[in-house]
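Okay, so here's the structure we're looking at.
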Amino acid sequence: MSKRSRRSAATPSPTSAGAARCTVTVCRGCCCGTSKIPGFDHAAQLRGLRQALDGTATVRVTDCLDACEHANVVVVQPSPAGRAEGGRPVWLGLVNDPDATADITTWIEQGGPGLADPPGILDLYGFAPSRRVRGQVER
């Protein structure tokens, strides 16, 4: 059992009453969510995130995060409990298929950053934005 697993076992469920939520920021600026990424239903992605995470996380939409080379960008910010356990915002790019969106929602339902390990496949989507770009979301 990993250190994180032991901590998680002793931590109340992130969806229990009174628990603060993760925040999921979905970029819908100049490239994300537009026809520049053809063949993907951006509205369905956003609708699916909101439905799947209703009561579990706050889903918000923002204008361009200036990480266009990674469109579609989704940022998962930890809950206060996750941050207390060392969780930091996770930037995910090229989230352009329903399976990636499903992996993100599953991870958040399990607690998200700091409380649950993300599915290994999400490592392929992670990227580190510049400090200036990070500052737009992590206020």
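Throughout, read-outs are computed from the coordinates displayed, never taken from laboratory work. Only a predicted model underlies this, so the values are computations on that prediction, with no experimental measurement involved. All Cβ positions, glycine included, derive from the backbone under ideal geometry; neighbour counts span all protein chains shown.
Among the residues of the stretch 102-139, write down those that are surrounded by 20 or more Cβ atoms within 10 Å (Cβ to Cβ), under 21 Å from ASP63 (Cα atoms) and of a type in the set (Val, Ile, Thr).
Across the stretch 102-139, the qualifying residue is only ILE104.
Can you name every residue in the stretch 72-113 that is in contact (Cβ under 8 Å) with a residue 60 or more places away in the chain and either among the aliphatic types (A, V, I, L, M) or on the phi > 0 side of the Ramachandran plot (or both)?
Across the stretch 72-113, the qualifying residues are VAL75, ALA81, ILE104, ILE108, GLY111, GLY112.
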